[in-house]
Number of protein chains: 2
Amino acid sequence: MNTETVATTARPVGKIMLVGIGPGHVDHMTARARAAIAEADVVVGYVTYIKLVADLLEGKEVVRKGMTEELDRAVSALEAARSGQKVALISSGDAGVYGMAGPTYEVLFQAGWTPDDGVEVEIVPGASALNACAALVGAPLTHDFCAISLSDLLTPWPTIARRLDAVAYADFVVALYNPKSGRRTRQIVEAQRLFLRHRRPDTPVAIVKSAYRRRQHIEFTTLDRMSEQDIGMLSTVLIGNSNTVVQNGLMVTPRGYANKYDMSEGGATRDGEKAGRSLSTGLNGWLENLIADHAAGESVEQLATRHRLPAPYIAATLAEPLAVAEADAAEDTEA
Amino acid sequence: MNTETVATTARPVGKIMLVGIGPGHVDHMTARARAAIAEADVVVGYVTYIKLVADLLEGKEVVRKGMTEELDRAVSALEAARSGQKVALISSGDAGVYGMAGPTYEVLFQAGWTPDDGVEVEIVPGASALNACAALVGAPLTHDFCAISLSDLLTPWPTIARRLDAVAYADFVVALYNPKSGRRTRQIVEAQRLFLRHRRPDTPVAIVKSAYRRRQHIEFTTLDRMSEQDIGMLSTVLIGNSNTVVQNGLMVTPRGYANKYDMSEGGATRDGEKAGRSLSTGLNGWLENLIADHAAGESVEQLATRHRLPAPYIAATLAEPLAVAEADAAEDTEA
């Protein structure tokens, strides 16, 4: 470590706090998010989000930015922090999910910032739009899910389309961020087109606008009617998987208990299944069957087609010896 | 509305609150999560999570359950709520993400519950493990991402494998939940095998254990070494996309500003790009080129191969007239 580094770390330390304020109602902010804003000298954010934390702003410098100015916001924050101030950069939802954490680090790296140079960075996590919207419509995200932004302002369309196609095929629950705007109207039509190649037209879809805010609006529809709905820049679109249902006005994706338990029989396990253990079609059971079917003459290509998995993957996993661990299952029962 | 319904809604109302307490440190709980626990008569949860809210439990009935007993926990909650009590069912992270919201609604539907029958249900969103872990390692989730649980306790392995394969191909950032346990050790090996078919061996991976808790531990590695690492039931594994970097001990996925702006030139837009507008390779620009290339003799199949998209999709979108909206872009500049 040279003298200059020592001198640098001894300077008064500024700080950038990237604060996720959650969906936009004060009740759904974390204690740390409030405290971070309260201890800041400067608060920087999109005007709408600044309004949401108005009660915390007395005596602070407030920098209100428009939506185009993410990089500007990060540059302002770095300048203030380098002068020794504490800066809270506000994002709605989670700062790390399509929020300010990414652009800020991009600007910092570009400016030659390192964690040792006298400006500390803290990211304060929050509930993202997908968590907030899911909480309002039921329990749609209980199984594997994806977030995809339909905005092509920074992402080429083939990248977005490839992702939509892949997750529609692989049966994920999907949250679409930035689904539509006054000018970007065809993206949601293209998303629907890609999904309908793999999913049933009656797949449940929920459109949530302004979750936990004054103009909150929730609409249930189906995949084949999704693109006709009232969707805007403040909407998040949730598309269910092949098991998702809407019942009693709630959108719920089953976690899979019905694969193992007879739900109508007080939770008795089904034949061949054990509570707290992998399914009979889990990895080990599946591999045992794969090996047996292959030994019985089914080719790698036939197995690949039947299981809808790549043939090289089937070949590679068949080549590895099967070792069934006998450890106690007690620690391993979270679904 | 018949008389019986009226009588039912007039009964004393019990309530089930599905509370996401965030990563597990009190600073990262929302105000509503604390208030929901404070107003509950009964608090039900996995022992570890109950300990995290110990200061709120005085005078309450506390039901500590083991990890196997998700359905039991939901049944207990429903019974208490039907007797007029307020019940807080606690999940770590977000109650809707691999948490108690799903199993609870499954049990409620099975028990014939409807929103009008005198038991109210509220879901309190929180920051999920992926938000918390991302905040600690940098900004890995700034672009499209997925959550996949490697647990095969309720999900057949081919379903999980198909999802891993699809999102590895489509270049998502991926958060693996329940990546490994004492008994489930091969799932992470299989995940690595599937990813390495599509992703570079040096793809950045972060392994976060016990985020924001006392034993918090963060390790950076690469995809080819992922399965050799110390991974357990309290770990979340974050796999970057093809653009993710680790720099200065931080894992960051670029949002895409460099596609549009020259980051070293004070943010000047690149040739052919406009600030606040779709990329030249965004949907409209891409469609214009697609139409031109097709008119110049490139077949649908050739276009499909070059853009790595399904030929029927290319054909369908070529068949739809191109309408370039001329609306003002001002409202549409969130990335």
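From the set of residues in region B:66-104 that are part of a helix (DSSP H, G or I) and without any contact (Cβ under 8 Å) to a residue 12 or more places away in the chain, which is nearest to A:ALA275 (Cα to Cα)? The qualifying residue nearest to A:ALA275 (Cα to Cα) is B:ASP72. Residue check: A:ILE231 meets all listed conditions (1) open to solvent by 70 Å² or more (accessible area, probe 1.4 Å); (2) modelled with pLDDT of 95 or more but one, namely (1).
Considering region A:106-131, the residues that are in a helix (DSSP H, G or I) and open to solvent by less than 10 Å² (accessible area, probe 1.4 Å) include one that is nearest to the other protein chains (Cβ to nearest Cβ), namely A:ASN131. Of the numbered criteria (1) buried (at least 23 other Cβ atoms within 10 Å of the Cβ); (2) more than 8 Å from chain B (Cβ to nearest Cβ), the one A:VAL42 fails is (1). When you look at A:ALA311, is it modelled with pLDDT of 95 or more, over 30 Å from B:ASP72 (Cα atoms) and more than 7 Å from chain B (Cβ to nearest Cβ), yes or no? When the stated conditions are applied, A:ALA311 passes them. Note on region B:217-256: residues that are of a type in the set (S, T, N, Q), at the interface with chain A (Cβ under 9 Å from one of its Cβ atoms) and either within 22 Å of the chain's Cα centre (by Cα) or in a strand (DSSP E or B) (or both) total 2.
Okay, residues lined up against (1) free of Cβ contacts under 8 Å to residues at least 24 places away in the same chain; (2) among the polar types (S, T, N, Q):
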{"position": "B:GLU122", "(1), (2)": "no, no"}
{"position": "B:CYS133", "(1), (2)": "no, no"}
{"position": "B:SER151", "(1), (2)": "no, yes"}
{"position": "B:ILE160", "(1), (2)": "no, no"}
{"position": "B:LEU164", "(1), (2)": "no, no"}
{"position": "B:VAL167", "(1), (2)": "yes, no"}
{"position": "B:LEU176", "(1), (2)": "no, no"}
{"position": "B:ARG193", "(1), (2)": "yes, no"}
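Residues that are open to solvent by less than 10 Å² (accessible area, probe 1.4 Å) and either hydroxyl-bearing (Ser, Thr, Tyr) or touching a His at 6+ places or on another chain (Cβ under 6 Å) (or both) within region A:182-202 are absent altogether.
Considering region B:132-149, the residues that are crowded, with 24+ Cβ neighbours inside 10 Å and more than 7 Å from every other protein chain (Cβ to nearest Cβ) include one that is farthest from A:ARG308 (Cα to Cα), namely B:VAL137. Could you list, in sequence order, all residues of region A:268-288 that are among the charged types (D, E, K, R) and either facing chain B (nearest Cβ under 8 Å) or surrounded by fewer than 19 Cβ atoms within 10 Å (Cβ to Cβ) (or both)? If the condition is that a residue be among the charged types (D, E, K, R) and either facing chain B (nearest Cβ under 8 Å) or surrounded by fewer than 19 Cβ atoms within 10 Å (Cβ to Cβ) (or both), then A:ARG270, A:ASP271, A:LYS274, A:ARG277, A:GLU288 are the ones that fit. Within region A:154-171, one or more residues are touching a Cys at 6+ places or on another chain (Cβ under 7 Å), buried (at least 22 other Cβ atoms within 10 Å of the Cβ) and either more than 7 Å from chain B (Cβ to nearest Cβ) or within 30 Å of A:PRO310 (Cα to Cα) (or both). Taking region A:53-72 as the range and being open to solvent by 40 Å² or more (accessible area, probe 1.4 Å) and more than 30 Å from B:MET263 (Cβ to Cβ) as the test, the residues that pass are A:ALA54, A:ASP55, A:GLU58, A:GLY59. Starting from residues that are crowded, with 23+ Cβ neighbours inside 10 Å and more than 13 Å from chain B (Cβ to nearest Cβ), keep the ones in region A:81-105 and report whichever is nearest to the chain's Cα centre (by Cα). Result: A:ILE90. Selection of region A:40-59 for residues being of a type in the set (D, E, K, R) and at pLDDT 95 or above yields only A:ASP41. What number of residues within region B:186-214 satisfy the criterion of being modelled with pLDDT under 95 and within 7 Å of chain A (Cβ to nearest Cβ)? The total comes to 0.
For region B:289-305, the count of residues that are more than 10 Å from every other protein chain (Cβ to nearest Cβ), aliphatic (A, V, I, L, M) and either under 31 Å from the mean Cα position of the chain (by Cα) or at positive phi (or both) is at least one. Before we move on, is B:SER242 touching a residue at least 40 places away in the same chain (Cβ under 8 Å), surrounded by fewer than 17 Cβ atoms within 10 Å (Cβ to Cβ) and among the polar types (S, T, N, Q)? For B:SER242, the condition - touching a residue at least 40 places away in the same chain (Cβ under 8 Å), surrounded by fewer than 17 Cβ atoms within 10 Å (Cβ to Cβ) and among the polar types (S, T, N, Q) - is met. For region A:169-184, does any single residue satisfy the condition of being touching a Leu at 6+ places or on another chain (Cβ under 7 Å), over 28 Å from B:SER149 (Cα atoms) and not in a loop (DSSP other than H, G, I, E, B)? So far as region A:169-184 goes, no, none of its residues is touching a Leu at 6+ places or on another chain (Cβ under 7 Å), over 28 Å from B:SER149 (Cα atoms) and not in a loop (DSSP other than H, G, I, E, B).
The values are calculated or read from the model by the stated rules, or taken from the named source; none is laboratory data. Worth saying up front: this structure is predicted, and the values here are computed from it rather than measured. So basically every Cβ, Gly included, is an ideal-geometry build from the backbone, and we count neighbours across all protein chains shown. Each accessible area value is taken on the protein alone, full model and side chains, heavy atoms only, with ligands, DNA and RNA left out. Shrake-Rupley method; radii C 1.70, N 1.55, O 1.52, S 1.80 Å.
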